[in-house]
Amino acid sequence: MSIERYIALFSAMFIVGIIPGPAVFAITTMSLTGVAVVPV
């Protein structure tokens, strides 16, 4: 496997792993409070 492909795969896994946490937290917060508490 080439370095470029490895980096692309790692980046994809990193993004997929990082995004859901803050997104779910923000959606839950907005649902509970009715306002966006988390700064964008």
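Brief remarks on what is shown
- Theoretical FRET efficiency, 1/(1+(r/R0)^6), r = Cβ-Cβ of Met30 and Glu4, R0 35 Å, to 0.05: 0.35
- Going from the residue with the fewest nearby Cβ atoms within 10 Å to the one with the most, Met13, Met30 rank Met13, Met30.
Coordinate-derived values only; no laboratory data. Just so you know, these numbers come straight off a predicted model, no measurement behind them. All Cβ positions, glycine included, derive from the backbone under ideal geometry; neighbour counts span all protein chains shown.
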